[in-house]
Amino acid sequence: MCINHSNRRDFLKTAAAVGVAAAAVPALAAPASAGAQKSAVSAHDKIALTNVRIFDGDRVTSPRTVIIDNGRIGLSALGAHRIDCGGAVLLPGLTDAHVHMRDVNTLHALAGSGVTTGLDMASFPPSLVDSLRGLTGLTDIRSAGTPAVAPGSPQSQIPGFPADAVLTGPEGATQFVRSRVTEGSDYIKIIIDEPGLTPDTIKAVTTAAHLSGKLVMAHATSTATVVRALDAGVDMIHHVPMDSALSASVAARYVSSGTVAVPTLTMMEGFGKLGIPGMDYAAAEGSVTALRRAGARILAGTDSNLTPGIPVQPPYGISLHHELELLVRAGLTNCEALRAATSLSAQAFGLRDRGAIRIGNRADLVLIDGDPLTDITATRAVQRVWAGGIEYTPITT
């Protein structure tokens with residue numbers, strides 16, 4: 001999440017007066033002693049996970065066997081090394097639909113918490129993003145690269161920020177999108193703040209991105225900017241308003257337009273605890289409740305970051321488990337929250353090889369202790385993680 005100059009001044013005044021700190025997120029529970037025990041298996045061996053209950057998108061099944069074969073979910077257990085999972089629950093690898101990449105340690109933190117896909121919502125230079133792509137046995141990423149911002153915005157003043165990403169009007173939209181596509185951005189990000197980019201500029205970027213076959217992500221944290229994003233026809237709106245909860249009519253526009261919501265309640269909760277005027281977490285939670293009632297597609301994203309100057313920095317990986325809990329408190333069922341971090345995210349971003357435990361899909365898997373359909377906090381009890389079929393091994397120092 002980004003804050004404008006007015007909110008930044010309010011934050012600094014508040015921080016100086018009361019010494020506020022960013023909201024803390026509970027850590028993952030220690031792995032349970034029951035269940036699968038680790039054994040020395042080559043990354044290229046075929047593995048049969050036996051006696052495992054699968055979350056299939058609707059329910060947790062009775063115990064069965066899942067095959068990991070050459071990085072994919074396989075069919076035959078012939079010749080496989082068998083691992084008895086003791087009745088533990090197997091989830092598709094989780095997706096965090098809003099993170100900001102820092103370095104390879106980001107990937108380790110994500111993978112260690114069962115987040116096997118990280119969707120970066122603004123990082124530069126491109127060399128940083130490229131260095132984190134396709135690393136064997138770690139979280140797989142996609143990235144927006146550099147976002148489109150307004151002149152005078154906090155982002156535009158970052159040393160080295162690309163000049164063609166600071167848009168003074170719609171005439172710069174095509175070149176901005178062309179530059180991002182050339183750099184390898186997987187989708188396009190627009191920062192919509194007040195004051196900020198004009199509606200014509202937002203629409204021009206959205207049109208140019210769609211002509212290039214790219215989805216458009218919009219940052220919007222107020223009711224007015226959400227409406228501006230909907231008017232422009234963006235594909236996803238990240239964050240939800242903190243000035244007032246979305247009305248039923250605005251929530252219905254998400255559904256009629258097919259716009260996807262990524263509320264980042266973890267970040268909204270953190271800002272709500274800072275005491276900044278006009279930033280109320282109840283409004284954010286109420287917005288998610290309204291979106292769910294309207295039938296909007298909702299994805300799980302945290303806004304995890306280590307960005308200098310941002311007063312709330314949700315930790316990578318573990319905060320996604322907190323996000324699932326906040327989504328449930330806002331009205332989603334446990335099953336809906338799990339889909340928000342698995343199948344729905346994969347579908348919304350066109351990642352057709354993940355999000356479900358299905359033959360041929362990437363073997364992105366998370367073994368947990370407990371049933372998350374009865375207790376969403378069970379996702380915290382991570383026993384083992386496979387990223388692209390390779391079991392994640394925590395880094396040692």
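The values are calculated or read from the model by the stated rules, or taken from the named source; none is laboratory data. Just so you know, these numbers come straight off a predicted model, no measurement behind them. FYI the Cβ positions are ideal-geometry reconstructions off the backbone, even for glycines, and counts take in every protein chain you see. For accessibility, only protein heavy atoms count, side chains too; no ligands or nucleic acids. Shrake-Rupley method; radii C 1.70, N 1.55, O 1.52, S 1.80 Å.
Kindly establish whether residue 274 is open to solvent by 40 Å² or more (accessible area, probe 1.4 Å), of a type in the set (A, V, I, L, M, F, W, C) and more than 15 Å from residue 240 (Cβ to Cβ).
For residue 274, the condition - open to solvent by 40 Å² or more (accessible area, probe 1.4 Å), of a type in the set (A, V, I, L, M, F, W, C) and more than 15 Å from residue 240 (Cβ to Cβ) - is not met.
Somewhere in the stretch 371-385, is a residue under 13 Å from the mean Cα position of the chain (by Cα), open to solvent by less than 10 Å² (accessible area, probe 1.4 Å) and under 13 Å from residue 115 (Cα atoms)?
no
Looking at the stretch 293-300, can you tell me whether even one residue there is open to solvent by 10 Å² or more (accessible area, probe 1.4 Å) and either free of Cβ contacts under 8 Å to residues at least 24 places away in the same chain or part of a helix (DSSP H, G or I) (or both)?
Among the residues of the stretch 293-300, at least one is open to solvent by 10 Å² or more (accessible area, probe 1.4 Å) and either free of Cβ contacts under 8 Å to residues at least 24 places away in the same chain or part of a helix (DSSP H, G or I) (or both), which makes the answer yes.
Every residue, every condition in (1) in a helix (DSSP H, G or I); (2) within 20 Å of the chain's Cα centre (by Cα); (3) surrounded by 21 or more Cβ atoms within 10 Å (Cβ to Cβ), yes or no:
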{"position": "174", "(1), (2), (3)": "yes, no, no"}
{"position": "189", "(1), (2), (3)": "no, yes, yes"}
{"position": "197", "(1), (2), (3)": "no, no, yes"}
{"position": "241", "(1), (2), (3)": "no, yes, yes"}
{"position": "270", "(1), (2), (3)": "yes, yes, yes"}
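Keeping to the stretch 93-143, report how many residues are outside any loop (DSSP other than H, G, I, E, B) and out of contact with any Lys or Arg (no Cβ under 7 Å at 6 or more places or on another chain).
The qualifying residues number 27.
Could you say which residue among 164, 103 is closer than 18 Å to residue 303 by Cα and out of contact with any strand residue (DSSP E or B) (no Cβ under 9 Å at 6 or more places or on another chain)?
From the options 164, 103, the qualifying one is 103.
Output the number of the condition that residue 245 fails; it satisfies all remaining conditions of (1) open to solvent by 30 Å² or more (accessible area, probe 1.4 Å); (2) of a type outside the set (Lys, Arg); (3) in a helix (DSSP H, G or I).
The one condition residue 245 does not meet is (3).
Out of all the residues in the stretch 141-157, which are surrounded by 24 or more Cβ atoms within 10 Å (Cβ to Cβ), under 26 Å from residue 94 (Cβ atoms) and in contact with a Gly (Cβ under 9 Å, 6 or more places away or on another chain)?
143, 145
Filter the stretch 71-92 down to the residues that are surrounded by 17 or more Cβ atoms within 10 Å (Cβ to Cβ) and assigned to a loop (DSSP other than H, G, I, E, B) and list them by number.
Matches in the stretch 71-92: 71, 77, 80, 85, 86, 88.
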